[in-house]
């Protein structure tokens with residue numbers, strides 16, 4: 001029997017980064033979910049937000065199912081329908097200071113995107129939708145950033 005069969009493959013030296021990331025995944029997902037819920041609650045009923053789309057809110061149509069299926073939080077992705085339409089949503093996204101303008105999910109940093117701009121013109125995404133992938137930064141700082149973003153989007 002060869003050493004490879006007994007001991008396994010030799011993996012890249014950077015594999016420790018994967019192991020380190022796996023060890024902290026639970027903590028990062030939990031913090032991201034807590035931050036997303038705090039943001040959703042803060043902006044639910046906000047005068048510059050037409051709607052908050054997040055299964056952690058009792059008002060969300062999928063809340064009951066999500067509460068049964070999602071153990072440990074409702075995830076770190078939510079959407080805001082910005083009052084004022086497409087132009088207001090684009091202006092808000094452009095004013096981000098903490099949220100980074102990017103299309104991705106699940107990182108430690110918070111991201112914002114005007115989803116309709118990314119999709120093809122005949123896409124079904126509402127023109128005023130901002131998708132947020134919420135990271136692990138301080139929730140109050142993220143809320144403050146979103147507040148100042150919306151202040152520039154009358």
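Quick rundown of the values:
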read-out	value
Degrees between helix 15-43 axis and first principal axis of the chain (Cα, 0 to 90, nearest 10)	20 degrees
With Cα atoms, 0 to 90° folded angle of helix 85-94 axis to the chain main axis	50 degrees
R0 of 22 Å, Cβ-Cβ distance residue 151-residue 117: FRET efficiency to nearest 0.05	0.55
Share of pairwise Cα separations in the stretch 10-154, more than 22 Å, in percent	41 percent
Simple spin-label estimate for residue 30 and residue 87 in nanometres, 7 Å along Cα-Cβ	4.6 nm
Residue 144 paired with residue 47, simple spin-label distance in nm, labels 7 Å along Cα-to-beta-carbon	2.2 nm
Gaussian network model of the chain, springs between alpha carbon atoms under 10 Å - residue of 88, 12, 144 with greatest fluctuation	12
Cα→Cβ-extended label distance, 7 Å offset, between residue 109 and residue 38, nm	2.0 nm
FRET E, pair residue 124, residue 23, Förster distance 35 Å, beta-carbon r, rounded to 0.05	0.35
Between the stretch 103-154 and the stretch 56-76, the Cα center-to-center distance that results, in Å	20 Å
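Here, each number is a calculation from the coordinates, and none is a lab measurement. Since this is a predicted model, take the numbers as computed values, not measurements. Every residue, glycine as well, gets a Cβ built from its backbone with ideal geometry; the counts of neighbours run over all protein chains shown.
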